[in-house]
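Down below is the structure, laid out as structure tokens.
The values are calculated or read from the model by the stated rules, or taken from the named source; none is laboratory data. Computed from a prediction, not measured in an experiment: that's the story for all the values here. Cβ atoms come from the backbone with ideal geometry, glycine included; neighbour counts cover every protein chain shown. SASA here: full protein model, heavy atoms, side chains in, ligands and nucleic acids out. Shrake-Rupley method; radii C 1.70, N 1.55, O 1.52, S 1.80 Å.
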Amino acid sequence: MTLSFLPARKRIRDSWTQRGILLSILLAAAGLRVHGIGFGLPALNDPDEPLFMMTAIEMLRNNSLNPGWFGHPGTITLYCLALIDLIVGSIGIATGRYADTDAFVRAVYADPGILFLPARLLIAACGVVCVYLTWRLGRRIGGTQTGLLAAAFLAVNAVHIEYSQLIRTDIQASVFMLLCLSSSLSIAENGRLRDTLLAGIFVGLGCATKWPAATIALSPIVAGIWRIGQGKREARNLLLFTGAAVATLFLASPYLLLDYPAVVRNLTGEARPVHPGSTGGGLLDNIGWYLRSLSGSFGAAVVALAIFGAILLSRRNRGPAIALLPGVCAFAVLISIQALRWERWLVPLLPFVAIMAGHAVHALSDMARAWTGRPLRLVEPVAGLLLILPMLPPVQDRAVARANDTRQLASAWVRAHVPSDATILVEHAALDLVDGPWKLLFPLGSAGCVDARAMLAGRIRYAEVETLRSGSPIVDLASVPPPRLESCRARYAVLTHYDRYRDAQADFATEWRRYATLTQGGRLRAVITPAEGQRAGPTVHIFELAPPAPGRP
């Protein structure tokens, strides 16, 4: 009688062991994403973070749900940021830390970390959710071991950790894409209307977060067509899926219709054929570049296993392959055919690489068991550990580098060497210098170089920045028209894009001439370069500029 309980007890023990391992993975993922998350603050190193936050604050200030910007389109992210801003501000006012809304906004412009840190924590939480969803999807495809291996691979991936600490749309879009793939798998398995509608909802939410997420719709569509080909009368489900996706998109982001001129304007501005430092090299070159980036964070062995796992899935598990591969491959092709290439565009593919690698490890361990005739229970844990160990140094290197950004080192150089009565031109959001004695100039497109403190005191709006930069990919010296270049004349210039334009003069000859004109006759005082595992950021050139010629302002 007692013996009959042993299998049940073993199952319960194994279940609790698996839950404990999953919890450990999720805690490790959370710790890695929270560690050092305040990097750079109060300076704002990422150029898009302040634009996202300014847009969210502007919605609250205008009592409007219209973001006024739809480049990503980023609507879901912007609404989440506005909600965080509202919560943080309400708590601050309720506790007496700020007298009123104006006092709160003034405090934020003086110390952006008040809002940026909670917003980054939101994105980090989404990153942990991605790890959990990766486990869930991997378990459905290849069992518990596959799910745990996949979650562990993603938890310690350096690229996923880095973008889980930035206020961007990539991680949030990944959440909706993973949820869509899960629903697509359910469609392939049973074709329920509920799963079809959920897939449409997740596609709509993903697209309202980042446009390329729309490619994931190919997975539920192909899964539905596959079932119809098997004789299932479910053609109506495809129509309902399309309706759910479109309806969710416009319900989540209604101003895509209500403010369509802004949509057209923003999409036109985003469609750039060249970008300093990020111009692609064609389909094959871009694919090679992305594969090298994947190998840099996962390791070549994990990437090779992921390719093997995908081939194995397509040959052995027709349903899951049809449910997953179309949308994932469509997204991979989409980013590879673009004129530009960015490491962050890989983020939605990282969970899939982790799942396929976990699937391959599990399949190979099953082959080893069949060949030896032994249980070999430690094969997968040991193999997973051996694959994870090479992934840890990039995690540490990137964390150290983020904490020692070249822009913060440039600020330290300024504090040590620049006289207190000097005027300094800075190309990045060096808010860590605002409390210093210097006069700071910031390039702002057609407005020329403006007083940074006056700009912050006036609480500049994103719409103004968008108008002033006039389609320029970056708010930098290159966006200042030649007639306004004299407004940038200062004693010192801290230039963060100097080498990017210098090295790409074939595409940016006009822009480079502005740098050459401003620095002509000046003295290069310092060059602060990034170094792998030590310093992140762009190469910063610090010039002591030549004084203006007699008679010039």
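Read through the labelled values [x] 85, 48, 46; [y] 90, 65, 51; [z] 98, 55, 49 and report the label of the one computed as Cα extents along the principal axes in Å from the structure.
Of the listed options [x] 85, 48, 46; [y] 90, 65, 51; [z] 98, 55, 49, [z] comes from this structure.
How large is the accessible surface of Thr215 in square angstrom, using a 1.4 angstrom probe and rounding to the nearest 10?
About 30 Å², ignoring ligands and nucleic acids.
Restricted to Cα positions, what overall size does region 63-173 have along the principal axes? Three whole-Å values, descending.
Taking the Cα atoms of region 63-173, the three principal extents are 55, 30, 22 Å.
Report the residues of region 164-200 in range of a label on Arg233: point 7 Å along Cα→C-beta, backbone N strictly under 17 Å from it.
Inside the label zone: 191-193.
With r as the distance between the Cβ atoms of Ser420 and Ile337 and R0 = 56 Å, compute the FRET efficiency 1/(1 + (r/R0)^6) and round to 0.05.
The formula returns an efficiency of 0.60 here.
Hey, rough spin-label estimate for Ala526 and Asp435, points 7 angstrom out along Cα→Cβ, what's it come to in nanometres?
It is 1.9 nm.
Can you pull the semi-axes for region 238-300, root of five times each eigenvalue of the Cα gyration tensor, sorted largest first, whole Å?
Equivalent-ellipsoid dimensions as semi-axes: 34, 21, 11 Å.
Find how much the distance from Leu258 to Leu240 grows on full extension, using 0.36 nm per residue of separation minus their present alpha carbon separation; answer in nm with one decimal.
The Leu258-Leu240 span can extend by a further 4.1 nm.
What's the angle, to the nearest 10 degrees (0 to 90), between helix 101-110's Cα axis and the longest principal axis of the chain?
80
What angle do you read, to the nearest 10 degrees and between 0 and 90, between the alpha-carbon axis of helix 113-142 and the longest principal axis of the chain?
Once rounded, one gets 20 degrees.
Would you tell me the accessible area of Lys439, worked out with a 1.4 angstrom probe on the heavy atoms of the protein chains, in Å² to the nearest 10?
Using a 1.4 Å probe on the heavy atoms, I get roughly 100 Å².
How far, in degrees from 0 to 90, does helix 235-252 lean away from the longest principal axis of the Cα atoms of the chain, to the nearest 10?
Once rounded, the angle reads 30 degrees.
Can you pull the one-decimal nm distance between simple spin-label points at Ser446 and Leu86, each 7 Å off the Cα toward Cβ?
3.4
Contour minus end-to-end for Ile225 and Asp397, with contour as 0.36 nm per residue of separation and end-to-end as the Cα-Cα distance?
57.3 nm
How would you order 122-128, 336-342 from highest to lowest mean count of nearby Cβ atoms within 10 Å?
122-128, 336-342
Which of Val156, Phe202, Ala119 sits closest to the plus end of the dipole of region 107-237, meaning its Cα is farthest towards the positive end, when Lys and Arg get +1 and Asp and Glu get -1 on the C-beta?
Sorting the options by dipole projection puts first Phe202.
If I take the Cα coordinates of region 18-76 and project them onto the principal axes, what are the three extents in Å, biggest first?
Reported extents, whole Å, longest axis first: 48, 27, 20.
Would you mind computing Rg(Cα) / (2.2 N^0.38 Å) for region 107-168, counting N as its residues?
1.43
Using C-alpha positions alone, give me the convex hull volume of region 158-226 per residue in cubic angstrom.
Spread over its residues, the Cα hull of region 158-226 gives 79 Å³ apiece.
Return the Rg/Rh value of region 273-331, two decimal places, where both radii are evaluated on C-alpha atoms and Rh is the Kirkwood radius.
When Rh is taken as the Kirkwood radius, the ratio is 1.08.
Just the number: Rg to Rh for region 328-434, Cα atoms, Kirkwood Rh, two decimals.
On the Cα set of region 328-434, Rg over Rh gives 1.25.
Run the numbers for Ala103 and Thr279: contour at 0.36 nm per residue of separation, minus the present Cα-Cα distance, in nm.
Residue separation times 0.36 nm, minus the Cα-Cα distance, leaves 59.1 nm.
Tell me, for the chain, which Cys residues have no other cysteine's C-beta sitting closer than 4.7 Å.
Cysteines lacking a close Cβ partner in the chain: Cys80, Cys126, Cys130, Cys180, Cys207, Cys329.
Please quote Rg/Rh for region 235-371 to two decimal places, taking the Kirkwood radius as Rh and restricting both calculations to Cα atoms. Display every interim value, and only then the final one.
Details: Rg = 19.2 Å, Rh = 17.9 Å.
My calculation puts Rg/Rh at 1.07.
Nearest 5 is fine: what % of DSSP beta bridges in the chain come out antiparallel, could you say?
Within the chain, antiparallel bridges account for around 70 percent of the total.
How many nm separate the modelled label positions at Asn62 and Thr517, each set 7 Å beyond the Cα in the direction of the Cβ?
Going from the Asn62 label point to the Thr517 one covers 3.3 nm.
Arranged from highest to lowest average of other beta-carbon atoms within 10 Å per residue, in what order do the peptides 504-515, 266-277, 400-411 appear?
400-411, 504-515, 266-277
Give me the dipole magnitude in Debye, nearest 20, for region 50-129 about the Cα centre, with unit charges on the beta carbon: positive for Lys and Arg, negative for Asp and Glu.
The dipole magnitude comes to about 100 debye.
Quick one: putting +1 on the C-beta of Lys and Arg, -1 on the C-beta of Asp and Glu, what dipole do you get for the chain around its Cα centre, in Debye to the nearest 20? Could you put the intermediate results ahead of the total?
On the way: 52 positive and 37 negative charges, 356 e Å.
For the chain, the charge dipole is close to 1700 debye.
Over region 83-133, what per residue volume does the convex hull of the Cα atoms give, in whole Å³?
69
Using only alpha carbon pairs under 8 Å that are at least six residues apart, calculate the relative contact order of the chain and give it in whole percent.
Working: 900 pairs, mean separation 85.2, N = 553.
In percent, rounded to a whole number, it is 15.
What dipole magnitude, in Debye to the nearest 20, does region 173-261 give about its Cα centre under +1 on Lys/Arg Cβ and -1 on Asp/Glu Cβ?
Around 260 debye, computed over region 173-261.
If eta is 1.002 mPa s and T is 20 °C, what Stokes-Einstein diffusion coefficient results for region 489-553, Kirkwood Rh from Cα pairs, in µm²/s? Don't skip to the end; give the middle numbers.
Numbers: Rh = 12.9 Å.
Reported coefficient: 166 µm²/s.
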